Amino acid sequence: MKPGFLITCLQCGAEHSVLPGKRHYRKEQIVFGTDNYGSDQISCECGNALEEHSQYEGADHEEFVVEWRDISTPKS
C-alpha cells in the first residue's frame with residue numbers, strides 16, 4: 001500500500017491524488033490549503049468549495065468546534 005490520499009469532488013466526480021513529492025498546484029483541478037487568515041479551504045474547478053470555520057462554544061467557551069461551510073459558486 002502506497003502513502004497518500006484520493007480526494008473526490010462529490011459534485012462533479014473529479015478525483016485528485018495527493019502523493020509524496022512535488023505538488024503541481026496550478027495544474028490541480030481540486031485545490032486545498034490554508035488561506036492567509038488561517039482557514040482551511042478545498043475547492044474544485046466546477047465551483048464546489050468548502051471553508052473551515054472554528055470557534056469556542058459553551059458557557060465557559062470550553063469546547064472548540066470546527067465545521068466545514070459551503071462556499072460553492074456556480075461555474076459560469
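The values are calculated or read from the model by the stated rules, or taken from the named source; none is laboratory data. The model shown is predicted, which means the values in this text are computed figures rather than measured ones. Neighbour counts run over all protein chains shown; Cβ positions are idealised from the backbone, glycine included. Protein only, heavy atoms only, side chains kept; ligands, DNA and RNA dropped before computing areas. Shrake-Rupley method; radii C 1.70, N 1.55, O 1.52, S 1.80 Å.
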Discussion item. Just checking, does segment 5-26 include any residue being acidic (Asp, Glu), out of contact with any helix residue (DSSP H, G or I) (no Cβ under 9 Å at 6 or more places or on another chain) and open to solvent by less than 100 Å² (accessible area, probe 1.4 Å)?
Written reply: no
Fill in: segment 22-59, residues that are of a type in the set (A, V, I, L, M) and either modelled with pLDDT of 90 or more or within 20 Å of Leu10 (Cα to Cα) (or both)
Ile30, Val31, Ile42, Ala49, Leu50
